[in-house]
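The numbers here are math on the coordinates, done by the rules we state, and not lab data. In this text, all values refer to a predicted model and were calculated from it rather than measured experimentally. As a convention, Cβ positions derive from the backbone with ideal geometry for all residues, glycine included, and neighbour counts pool all protein chains shown.
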Amino acid sequence: MAYTLSPIEQSESDPIVAQIRADCAQVSSAETTAPRPLSRRRFLSQVSKGVIGAGLALGSLGAGTDTAFAQLDTPFGTLEGELQNRLVPVVEAMSEKVWEGDALNEQIVGEMIDRAMMKLTGLDSAKEAWKDFVLPNDIVGIKINPLAGKQLSTHRVIVDKIIDGLYGVGVLKNQIIIWDRFEAHLISAGYKINQSDQGVRCFASDSQGVGYDDEVHYETEKDVEIRREYDSIRCRYTKILTQEATVIINVPVLKHHAITGVSGCLKNLAFGSVDNTRRFHSTPLNCNPAIGDIFAHSVIKDKLVLNIVDGLLAAFEGGPTYDPEGTWHYGGILVSPDAVALDQIALQTIDEKRKELKLASISRLAKYIRSAWRLGLGTNDLDEVDYQEVKV
């Protein structure tokens, strides 16, 4: 009988994944006293009591995201209407029917995304909702997270539903790029490489003819010198962003990360967009402030229009690679233009699961979230969020 590699053995055969595992192993797991986390439960209680408004019509959300974020720097008014206008919209679509054993109900997933988009924008159809984020002439880069293989990567059904939404806006197939940093990870997650002009394109920064832009980079000496690639203090941005995509839709996975606490919106896009990142994989850095600094560059910040977090299968332990003992069927999808708010919610969702299982909090590792807030990339205060839940 032929021997089949386990998911862990398969990942160890990948030198990049093996390196990440080694870096994670070096980060101390000793429990320390962490600041009191922001209370998501308290926030949800406010929503249920009607303290926070039931909806937020965003108009042209994709074009006005920077303005919405800028409002967060202004003290809140006392009037409910003024408060409502300053809140950052977040929608979480949940379903107990999305998993049928170990199989996904794709129809339910599609309905979750449609209803989340409508709730987010306050519009009556998913087709109209997508018009708030992209234009027919946009080149749309869909940044997925394929690191953990087919088991714990961005599910293809979500990506396909996004593509359907883009088609409805008038975006042509060859104007869509599914991408990541490494081609091997795209393939292992079940995505077929396509660099032709026919159909939806799918390739990586290390695919033939792509590479990184020598003229667009992040430079810092706040790293571990012996871990630098080609002895450089620069992280170069992928040409997918500097020369191809005009807008970005970020589709990370809701999962634990042994170095940063969570691997959510900010890390997926920041560290997936540049080279020379291993130099930040250590304690006490924990990829901070590099994640926020890299994300803050205009090639990311000014092009990002939407984040859709895949929480259908989530990980509370063993991340960022796949550990079958560290996952659970969460059955949720989070949608917002604010990557910081979504990472804060992801952190608390995972921490709540860990608390149930009597595991240590990971909040102390996720210091990059606060740094991103300080950079003005979004809010980490859930009292500044208009959280709405959709049940499917």
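Using a 7 Å offset from the Cα along the Cα-to-Cβ direction at both L135 and N194, what is the distance between the two label points in nm, to one decimal?
Placing both labels 7 Å beyond Cα along the Cβ direction yields 2.6 nm.
Using a simple charge model, +1 on the beta-carbon of Lys and Arg, -1 on the beta-carbon of Asp and Glu, nothing else, what dipole does region 35-391 show about its Cα centre, in debye to the nearest 20?
For this selection, approximately 680 debye.
May I ask which of K173/K367; K131/K367; K192/K358; K239/K391; K119/K150; K97/K367 have a Cα-Cα span longer than 32 Å here?
Beyond 32 Å: K173/K367; K131/K367; K192/K358; K239/K391; K97/K367.
Have a look at the DSSP beta bridges in region 35-391 and tell me what percent are antiparallel, nearest 5.
That works out to approximately 45 percent antiparallel.
Show me the ranking of peptides 298-306, 330-338 by mean Cβ neighbours inside 10 Å, starting with the highest.
By packing density, highest mean first, the sequence is 330-338, 298-306.
For a protection proxy built on the mean count of beta-carbon atoms within 10 angstrom, sort 166-178, 244-256, 264-276 highest first, please.
264-276, 244-256, 166-178
Is the shape of region 288-373 best called rounded, prolate or oblate, per the rule: a/c under 1.5 gives rounded, else a/b larger than b/c gives prolate, else oblate, with a ≥ b ≥ c the square roots of the Cα gyration tensor eigenvalues?
Taking the square roots of the gyration eigenvalues as a ≥ b ≥ c, region 288-373 is prolate.
Give me the net charge of A129's neighbourhood, meaning all other residues with Cβ under 13 Å from the Cβ of A129; Lys, Arg count +1, Asp, Glu -1.
Surrounding charge for A129 is 0.
Under a Cβ-Cβ cut-off of 13 Å, what is the net charge of the residues other than A366 that fall near it, where Lys and Arg count +1 and Asp and Glu count -1?
Summing Lys/Arg as +1 and Asp/Glu as -1 gives +4.
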